[in-house]
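One structure is given here, and the rest of the page talks about it.
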Amino acid sequence: VSLPSRLIFGTLYPAYYSYKAVKSKDIKEYVKWMMYWIIFALFTTAETFTDIFLCWFPFYYELKIAFVAWLLSPYTKGSSLLYRKFVHPTLSSKEKEIDDCLVQAKDRSYDALVHFGKRGLNVAATAAVMAASKGQGALSERLRSFSMQDLTTIRGDGAPAPSGPPPPGSGRASGKHGQPKMSRSASESASSSGPGPQEPSVFSSQTPGRRAC
């Protein structure tokens, strides 16, 4: 019950009336709601710690709702009262110290951001260099393995044939293929030896007189 009530009455309702004050350009309403938001911001900050240590207190959440209603009420004007009596005098007396602390915090945060940014860039660059070196090493190893495989293949292709005894079927095959060669050589030798004695022709037995006719 406390959270929805505080959300509606402590946040949404003042936000709407702040919008109307800005729209109407009413300085009085504008200042009123600005004081409320300053008090409400301090209340939210204190509530973060009181919820841890005072949540056991009886009617704790009901008291918080009543306090927000007191801040908002146009009759009590609690936010304006707290701002004028406590917040404004305190901030006015400590304004210079607060501004100095904010400037120092801003400078330190900027320096810290630059420092951590440089460290982050150095770490990223180192990681990139290591990754590149590892990738180059893996690539060189891969190329070396490819070259070794190529050398092995070249050696296998240029190796001489085995000098052992031929297989059993090779003699028969060579014999079969050798016969035509032998017959061809025999025929060539016969033709080269010249023509032999020719048989007498039938026409050679005819008589001379009949040949004259």
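The values are calculated or read from the model by the stated rules, or taken from the named source; none is laboratory data. Since we're looking at a predicted model, the values are computed, not measured. Every residue, glycine as well, gets a Cβ built from its backbone with ideal geometry; the counts of neighbours run over all protein chains shown. We work out accessible area using only protein heavy atoms, side chains counted, and drop any ligands, DNA or RNA first. Shrake-Rupley method; radii C 1.70, N 1.55, O 1.52, S 1.80 Å.
List of remarks:
- Residue under evaluation LEU81, criteria (1) closer than 30 Å to ILE65 by Cβ; (2) open to solvent by less than 70 Å² (accessible area, probe 1.4 Å); (3) out of contact with any helix residue (DSSP H, G or I) (no Cβ under 8 Å at 6 or more places or on another chain); (4) not acidic (Asp, Glu), criterion not met: (2)
- PHE86 outside the structural domain of ALA21 (by the TED database), surrounded by 12 or more Cβ atoms within 10 Å (Cβ to Cβ) and under 23 Å from PRO14 (Cα atoms): yes
- For the stretch 12-71, the set of residues classified as among the small types (Gly, Ala, Ser) and over 15 Å from TYR83 (Cα atoms) consists of ALA15, SER18, ALA21, SER24, ALA46, ALA66, ALA69, listed by residue number.
- Residues within the stretch 1-57 that are in a loop (DSSP other than H, G, I, E, B) and either modelled with pLDDT of 90 or more or open to solvent by less than 80 Å² (accessible area, probe 1.4 Å) (or both), tallied: 3
- Within the stretch 18-72, the residues that satisfy the criterion of being of a type in the set (Asp, Glu) and more than 51 Å from the chain's Cα centre (by Cα) are ASP26, GLU29, GLU62.
- All positions within the stretch 58-78 that are surrounded by 13 or more Cβ atoms within 10 Å (Cβ to Cβ) and assigned to a loop (DSSP other than H, G, I, E, B): LYS77
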